[in-house]
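Input: a single structure, listed below in structure tokens.
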């Protein structure tokens, strides 16, 4: 019982308070693109479930639909939409890219002094190559802090990281069916760019460093989008005791071009959980939805039930949920309000949070984002308030 | 720009014309018409376009529905421009026309009625037969009509849209609905 309380406190502290400070951000995925009728990810992204290198079509849509326009509406995507702002022209089958994201973070937790820091959240290069129906993709980057689960080197900081690397085969001609093997972002829920949202953190399904090695099959056809992955473990983690094995997957149905509804499921087993240090049978199951009543507004929602059976240490049953409203009054400017809640399980009160966010895609390949995050985080001894301000400067190649 | 029109079933015209098998009705201008098409791209990508511009007229023993194409919208400006200028060439072919033999249309009082009827579609300067499904419900003097058809755009000389590696399939579904009054 005492061990269980210790584990519970540690989990609450780590997940509730420290992850935002440690995390480095990953590539972009914008599920709010459903406002333009894009229910699926594949036309724009090399990864069938979103994020990763952009296709030529995706680069064009980024220029036409995402960024601020000054003056006349775009007749065609500008030459700067290409790789390195148009300096490099590549065949459509070769998708290269890179991301740099710098964050300036200030966090005030009740009873503690304000912590300020600047973080190089992401500095990655990535590539995706198609040859006939075979695909090869990967990323390589540098993480001064965090992203330890994706590290190729073994330091506590200043690591080389590779978040994704896989080989794939397009089963049909247009790539609607894709089988991949390698290190892959887990298919689960909404692939948010806000990887510290509790629905991502509690389920361990973010784009930052929770990728796993395994085999995945995806389909994106007609009204259905789905991916299921056999998880074989994170082979950038040692020793083998820490590696989770199991499955993760989602299925989404889009009855119209502005509504998508999905379900997710995950189950893993690790001999020693990376955070809890004991044998952990971990599962998460949930629902999610994306809806856009019109071009001004996109609404995302997700709710997940999480359960961990800890051998000889009881169990933790909890949940995480979020609702996000994204308002784009003028192309390129997004105002977002996100509400979230979670309970890690055990003797911990529920946590609640609200994000007020503003994002400005001010120029080709560049955006700036400001988040004000108010959270009351449940701990064994009661709720603790936390206020976070995060300014991000982002550019992609 | 990806736009692929394959018109399969247009029923709206049929419903408007066939108020009864025996009487020769006349129809008012279409009320609150909505015409939409759905085209499909790779990997589940779906494009929907709409226009409110639909007219119904009688030409001899046929009912003709005309849809102006120059106000079709898919929600993305560049895509609309490519669709209209490059593929549909609305400058030369501003309208699509669906012609149905009036005697093939049956609309009676009471519950909704529907059927499949043969029709002739003129699109992009070419005329081809199509099969149209319609549903019509008459309530007093007002007739509510909905229907659709499928079309393969290449049958009408429309090039298959392809843009930056994204190619739209040549088959397109068209639906329409409107209300009218018949005498």
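Can you give the percent of C-alpha pairs in the protein assembly as shown whose distance is more than 31 Å? Provide the component values of the computation, followed by the final result.
On the way: 90579 of 167910 pairs.
Tail of P(r) above 31 Å: 54 percent of Cα pairs.
Under a Gaussian network description of chain A, with springs only between Cα atoms under 10 Å, the residue in A:186, A:130, A:148 that fluctuates furthest is A:130. The mean number of partner chain beta-carbon atoms within 10 angstrom of a residue's beta-carbon across peptide B:74-80 is 5.
For the options A:141, A:71, A:103, a Gaussian network treatment of chain A with springs between C-alpha atoms closer than 10 Å singles out A:71 as fluctuating the most.
Put a dot 7 Å past the Cα of residue A:110, heading toward its Cβ, do the same for residue A:285, and the two dots end up 3.5 nm apart.
Just from its helices, what would the mean residue ellipticity at 222 nm be for chain A, if runs of 4 or more DSSP H residues each count -39500 (n - 2.57) and the sum is divided by every residue, rounded to the nearest 500 deg cm²/dmol?
On the way: 5 runs with 30 residues, N = 397.
Value at 222 nm, helices only: -1500 deg cm²/dmol.
Label point of residue A:102 set 7 angstrom out along Cα-Cβ; within the range A:367-397, amide nitrogens under 16 Å from it belong to A:367-370, A:390-397.
What is the extension gain from residue A:253 to residue A:335, computed as 0.36 nm multiplied by their sequence separation minus the C-alpha to C-alpha distance, in nm to one decimal?
On the way: separation 82, 0.36 × 82 = 29.52 nm, distance 2.68 nm.
Result: 26.8 nm gained on full extension.
Each part gets one Cα centre, and for the range A:327-377 versus the range A:30-92 those centres are 23 Å apart.
The mean number of partner chain beta-carbon atoms within 10 angstrom of a residue's beta-carbon across peptide B:46-52 is 2. Distance from the Cα centroid of the range A:137-207 to that of the range B:61-101 is 45 Å (rounded to whole angstrom). Each of A:288, A:134, A:352, B:37 was scored by other Cβ atoms within 10 Å of its Cβ. Arranged with the fewest first, they read A:134, A:352, A:288, B:37. Taking other C-beta atoms within 10 Å as the exposure proxy, A:361, A:104 rank A:104, A:361 from fewest upward.
At a Förster radius of 35 Å, what calculated FRET efficiency corresponds to the Cβ-Cβ distance of residue B:95 and residue B:167, to the nearest 0.05? Before the final figure, lay out the partial values.
Numbers: r = 26 Å, r/R0 = 0.76.
Taking R0 as 35 Å, the efficiency between residue B:95 and residue B:167 is 0.85.
Which of rounded, prolate or oblate describes the range B:12-181 when judged by the alpha-carbon gyration tensor and an a/c cut-off of 1.5?
Values: a/c = 2.13, a/b = 1.99, b/c = 1.07.
Taking the square roots of the gyration eigenvalues as a ≥ b ≥ c, the range B:12-181 is prolate.
Sort the following peptides by mean Cβ neighbour count (other Cβ atoms within 10 Å, averaged over residues), highest first: B:147-155, A:227-235. Write out the running numbers ahead of the final one.
On the way: B:147-155: 22.0, A:227-235: 19.0.
With the highest mean Cβ count within 10 Å placed first, the list reads B:147-155, A:227-235.
Approximating the spin labels as points 7 Å out from Cα along Cα→Cβ, the residue B:58-to-residue A:235 distance works out to 7.6 nm. Nearest 0.05, what FRET efficiency do residue A:90 and residue A:272 give at R0 = 51 Å with Cβ-Cβ as r? The computed FRET efficiency comes out at 0.70.
Given Cα pairs under 8 Å that are at least 6 residues apart, what percent is the relative contact order of chain A? Please list the in-between numbers first.
Details: 1088 pairs, mean separation 64.5, N = 397.
Result for chain A is 16 percent.
For the segment A:38-50, counting C-beta atoms of other chains within 10 Å of every residue's C-beta and taking the mean gives 3.
Remark: A:45, B:124, B:71 ranked as B:71, B:124, A:45, counting other beta-carbon atoms within 10 Å and listing the fewest first.
Compared with the dominant principal axis of the Cα atoms in chain A, helix A:2-13 is inclined by about 30°.
FYI, it's all coordinate maths here, none of it is from the lab. Nothing here was measured: the structure is a model prediction, and the numbers come from that model. Methodologically, a virtual Cβ is constructed for each residue, glycine included, from the backbone with ideal geometry; neighbour enumeration extends over all protein chains shown.
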